[in-house]
Amino acid sequence: MNPTLSPPRRGPLARLIAARPLLSFFVLSFAPSFAYEIVCILVLRLPLVPWMFAAPFIGPFLAAFVVTAAADGRAGTRALLRDLVHWRVGARWYALVALGLPAFLMLCVLPLPGALAAFRLEPAAVPEWTVGFVIVLIVGGPLGEEPGWRNFATPRLQERFGPALGTFVLGVMWGLWHLPLFLIEGYNHAGRDLSATIVPYLVFLGFTVAIAYLFTWLYNRTEGSGPIAIVAHTFFNVTLLPVLFPGVDNSLRYEVVQLAAFTVLAVVLLAATRGRLGWRGRSAAPRMRGRSPVGYPHGS
């Protein structure tokens, strides 16, 4: 055999990662982020901004590329990169995440006391909101998290467990990944002690599970579009309340309403797609971008 055609040799660590890519991904997503966050929160006692911006990049983002490189080599890494810039999808999908999603979130405000009376457009808040949106999109979580949760983990979890159960697993892991941040008083309504933090965290965990079904459906219907997932994630992170409902707080009650609304949406998506969430499985025609025939690298 021509030695130039031989597959590259991999070290023991790379072989271990390649043998268990999903497990390796979650370990590498959690361990560095948790260690970094605990040091910043409990040891250095730093304020949330700006240190938090690094956590997603040393967690899900880095884990996705490390595991892909070990399991699938350069071809897999190139495919992952192509997913992250796969922006050529139908205009309706951008309209859905840029208009439909924020509209749905704002509808969740209406059950809150005084919300209808508070509704008005606040033009002065638009520039600050826009700057905040761009900053959060780039360094506030979406760009750092989505390559891992969606472009790496979603296809593998669907293949192993199916779309419904695989999405549930991902939603739980996504929520658990944020757990150290609830050591910060005020983060998503976390209190000073454990008893005052349990309920806000459970609401948050339930919410990540509920919206994971929307993200899986978007991922499948847009053939793994990274930009769609990143934009959608950003709208969840940057509230439009100051622009459309000035004076209404982003309260725990509001988050409970969101949890209920997106749980209903998840049930509707599961029912409408018969549990497949747009997943076509191995029988689907492949979208060949340097991948295996099922649309993602080998391994689970």
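The values are calculated or read from the model by the stated rules, or taken from the named source; none is laboratory data. In this text the structure is predicted, and so the values were computed from the model without any measurement. FYI the Cβ positions are ideal-geometry reconstructions off the backbone, even for glycines, and counts take in every protein chain you see.
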Problem set entry | In segment 224-260, the residues that are of a type in the set (D, E, K, R) and at pLDDT 95 or above | R253, E255
Exercise. Would you say A210 is free of Cβ contacts under 8 Å to residues at least 40 places away in the same chain, crowded, with 20+ Cβ neighbours inside 10 Å and farther than 25 Å from V66 by Cβ?
Worked result: no
Exercise. If only one of A69, A63 is part of a helix (DSSP H, G or I), of a type outside the set (S, T, N, Q) and within 19 Å of W177 (Cβ to Cβ), which one is it?
Worked result: A63
Problem set entry | Long-range neighbours under 9 Å by Cβ, at least six apart or interchain, first residue farther than 17 Å from G141 by Cβ within segment 42-70, second surrounded by fewer than 21 Cβ atoms within 10 Å (Cβ to Cβ) and basic (K, R) | A70/R10; A70/R15
Problem set entry | Residue tally, condition hydroxyl-bearing (S, T, Y) and either closer than 13 Å to H86 by Cα or surrounded by fewer than 21 Cβ atoms within 10 Å (Cβ to Cβ) (or both), over segment 232-250 | 1
For this session: Tell me, yes or no, whether segment 30-52 has at least one residue that is buried (at least 16 other Cβ atoms within 10 Å of the Cβ) and under 30 Å from F245 (Cα atoms).
Result: yes
Seminar exercise, completed: Those residues of segment 263-300 that are at pLDDT 55 or above, within 23 Å of I211 (Cα to Cα) and either aromatic (F, W, Y) or assigned to a loop (DSSP other than H, G, I, E, B) (or both) come to a total of 9
Exercise. When residues of segment 187-231 are filtered for being over 30 Å from D83 (Cα atoms) and either part of a helix (DSSP H, G or I) or of a type in the set (K, R) (or both), how many remain?
Worked result: 10
For this session: Take P155 and decide whether it is touching a residue at least 12 places away in the same chain (Cβ under 8 Å), in contact with a Gly (Cβ under 7 Å, 6 or more places away or on another chain), over 23 Å from A98 (Cβ atoms) and in a helix (DSSP H, G or I).
Result: yes
Problem set entry | Count of segment 109-124 residues which are surrounded by fewer than 16 Cβ atoms within 10 Å (Cβ to Cβ) and either hydrophobic (A, V, I, L, M, F, W, C) or without any contact (Cβ under 8 Å) to a residue 24 or more places away in the chain (or both) | 9
Exercise. Listed residues G132, G100, G141; which is of a type in the set (G, A, S) and buried (at least 19 other Cβ atoms within 10 Å of the Cβ)?
Worked result: G141
Exercise. Which pairs have Cβ atoms under 6 Å, sit 6 or more apart or on different chains, and link a residue in segment 213-227 that is in contact (Cβ under 8 Å) with a residue 12 or more places away in the chain and among the β-branched types (V, I, T) to one that is surrounded by fewer than 22 Cβ atoms within 10 Å (Cβ to Cβ) and outside any helix (DSSP H, G or I)?
Worked result: T222/V89
Exercise. Can you name every residue in segment 158-186 that is outside any helix (DSSP H, G or I), within 19 Å of the chain's Cα centre (by Cα) and among the small types (G, A, S)?
Worked result: G162
